[in-house]
Protein chains: 2
Amino acid sequence: MPSCPGEPTPGEPQKVRTIGDLARLAGVSPATVSRALAGNRLVNATTSQRVRQLAEAHAFKPSAVARNLRIRRRGAIAVVICLGHERGQHLSDPFFMTMISHLADELTDRGFQLMLSRVVPDSDDWLDDMIAADPVDGFILIGQSDQLAALERAAAGYLPLVAWGAHGACQRHCSVGSDNVEGGRLATRHLIERGCRRIAFLGNPRSVEIAHRLAGAREVVRAQGGRVSLIETPIHLSTTLSGHDIAAFLASADALPDGMFAATDSIAVNALQVLTGRGVAVPGDVKLVGYDDLPIAAASVPALTTVRQDFAQGARMLVQRLFDRIAGERNESVVLPAELVVRATS
Amino acid sequence: MPSCPGEPTPGEPQKVRTIGDLARLAGVSPATVSRALAGNRLVNATTSQRVRQLAEAHAFKPSAVARNLRIRRRGAIAVVICLGHERGQHLSDPFFMTMISHLADELTDRGFQLMLSRVVPDSDDWLDDMIAADPVDGFILIGQSDQLAALERAAAGYLPLVAWGAHGACQRHCSVGSDNVEGGRLATRHLIERGCRRIAFLGNPRSVEIAHRLAGAREVVRAQGGRVSLIETPIHLSTTLSGHDIAAFLASADALPDGMFAATDSIAVNALQVLTGRGVAVPGDVKLVGYDDLPIAAASVPALTTVRQDFAQGARMLVQRLFDRIAGERNESVVLPAELVVRATS
DNA sequence: CTCCTCCCGACAATCGATTGCAGGCACAAT
DNA sequence: ATTGTGCCTGCAATCGATTGTCGGGAGGAG
């Protein structure tokens, strides 16, 4: 094993920590330093220049905590992942990460930090508690799950709060989401056009969004007047469990469906694995449509036909809506269009 | 569409925002309120009780910002996802979420917030910049990727910084990770015991951890003295791309390997999809071992044999190490044991 | 030379909670 | 009645940056 190189230089002795330290160095008052660093042009250009250079030289950044105290803002947005009733690995769902990843970009661009919280709701006032603790300027909730009540209650008295998800008729809170009913219609219609007559819906409608997708599917099937049947199968959202659920469903079904509409790409991919694992050809024997258009949809083999939600745009709108609300605007929910992406499983 | 219910009660008029407001209500001084809320037993039990009840009644939580300013701490830990060279969906890798999810739990338990940052390194002093901005009490880096240099430099002058990943010989920073070399040995030895003679390694050794896994594999193969061959195939880490890489590899290989060691469960699952998609039986024709033991490993069909990294324990140690460092202790890196989990693909 | 204007920069209050120190009150001892 | 002893509680300084207000100095006009 090679020997390690020696210790590096110990760093400068005179540390500039506060705006006051820098002021002393520059021979001006803390107030001037503050203004200079903030780009306030009340201060002379020469002085301003000198202060900035000093700050640069000493790698000085003013304390965000003190600033936030004075400014009365927090500089951070809470992104809350609400796990509804399923604890554990649910968070590893690629859907969350896709969303979070986009949100992180948007928030960073606006100079805000992203505070991540997982919540497993115990009482129904967990949201009020978080709001009362007040460490952030606003909340973005991902996955309204079955927590509509908590959400509504909190939104009644607290403005800067937006949620990703379905848009209900009477909701008081601001939501951004795609048109899940229309998405459900698109997927189901597509399966029927491809010749499917026995369609299985894989997903647990306890989650509002999934309920909407199911509603769309039902509507289209009903319009066929009995020529097409819909088999509704509650499937866990959790990646860990949905595989088993799907296998159990296939084992118990008397006849294999000829079409499957999975409420989620994660579920769809799991279904795909189970089906191919049992020698059922996709799309030969069964046609399959997912929902979300996550990266895995395109990457799966065969590539997954799915209903696309534009997460990048969704994240952008969530953040924009939130900041408008922080500014005091009482704005409306958004429903984004859903789009069918046809690939190789249908 | 049903009509929506009327507006709820508008909320109490007299809002208790500061510790001073509460003090006035309780007829004591702000100092006493502060102490009472903090559980300081310098204050009379009766007074303390009364103050707490008032606080409870008005749902009052003292401002974390002001507290942090006074206390000289931030109350948050930055968790930095370093995307090395691959931008985009990399973050949706379930590995990150598994880790983040555990970290969120650990940090929340200790009363700290989790600030999430994605970083696509541009210059090599991005870490120093983040440290200088100083909005947090410490840093946890996930995925050292190819950023060892930046890491080492920052760690030289800044204590509260730990990283998940491989442990190098001369590193100055504190890392927590599993024994990747041993993991590589375990997987490879297992494949050989199962009768494999042509083993493919799927993974890009540009990432330090993967390089170590490969080193372990090489060592075991070399010890077989030519009876076993190792085919090294760089595969993207990104879920989006690895499927194609694997397909390309299979198409280009003259003969199919009889064993595959994927550097990651994500890669393994993709390989599994590609293989079964082509009618290659797993484990019949090809035996497959992954790495990480992510939730998808157990959920995949057939269930994946893999090398387990205990992320829960890893997260716990990362946080514990970090807090010890925040307290001033200059502690050592940890290497956790790797463990083979035999399931159905081998 | 004096006065007025203008502009830059300093003083001090402020954000909201924490905490060392001092002081007040009750009760017992002398 | 006075002093002593504890045990609480309040005062005020502090954390570090922001910002309204005011003063001082330079420069031009009379």
Members of region B:40-66 that are more than 12 Å from DNA strand D (Cβ to nearest atom) and either farther than 18 Å from A:Ala133 by Cα or assigned to a helix (DSSP H, G or I) (or both) | B:Arg52, B:Gln53, B:Leu54, B:Ala55, B:Glu56, B:Ala57, B:Ala64
Count - residues of region A:104-145 that are within 15 Å of A:Leu322 (Cβ to Cβ), assigned to a strand (DSSP E or B) and within 12 Å of chain B (Cβ to nearest Cβ) = 3
Which residues, counting only those in region B:143-157, are buried (at least 19 other Cβ atoms within 10 Å of the Cβ) and at negative phi?
-> B:Gln144, B:Gln147, B:Ala150, B:Leu151, B:Ala154, B:Ala155
Inside region A:291-308, the number of residues satisfying the requirement of being away from chain B (no Cβ under 14 Å) and crowded, with 23+ Cβ neighbours inside 10 Å is 4
All-but-one check, B:Ala66 against (1) over 31 Å from the mean Cα position of the chain (by Cα); (2) at pLDDT 90 or above; (3) within 11 Å of DNA strand C (Cβ to nearest atom), failing number (1)
Give me a count of the residues in region A:258-286 that are more than 9 Å from every other protein chain (Cβ to nearest Cβ) and part of a loop (DSSP other than H, G, I, E, B).
-> 11
All positions within region B:72-83 that are more than 8 Å from DNA strand D (Cβ to nearest atom) and either in a loop (DSSP other than H, G, I, E, B) or surrounded by fewer than 19 Cβ atoms within 10 Å (Cβ to Cβ) (or both) | B:Arg73, B:Arg74, B:Gly75, B:Leu83
The residue that is farthest from B:Arg72 (Cα to Cα), considering only those in region A:24-39 that are within 7 Å of DNA strand C (Cβ to nearest atom) and in a helix (DSSP H, G or I), is A:Thr32
Taking first residues from region B:50-78 that are among the aliphatic types (A, V, I, L, M) and second residues anywhere that are loosely packed, with under 15 Cβ neighbours inside 10 Å and in a strand (DSSP E or B), the pairs with Cβ under 8 Å that are 6 or more apart or on different chains are none
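The values are calculated or read from the model by the stated rules, or taken from the named source; none is laboratory data. Every value quoted in this text rests on a predicted model; they were computed, and no experiment measured them. All Cβ positions, even for glycine, are placed from backbone atoms using ideal geometry, and neighbour counts span all protein chains on display.
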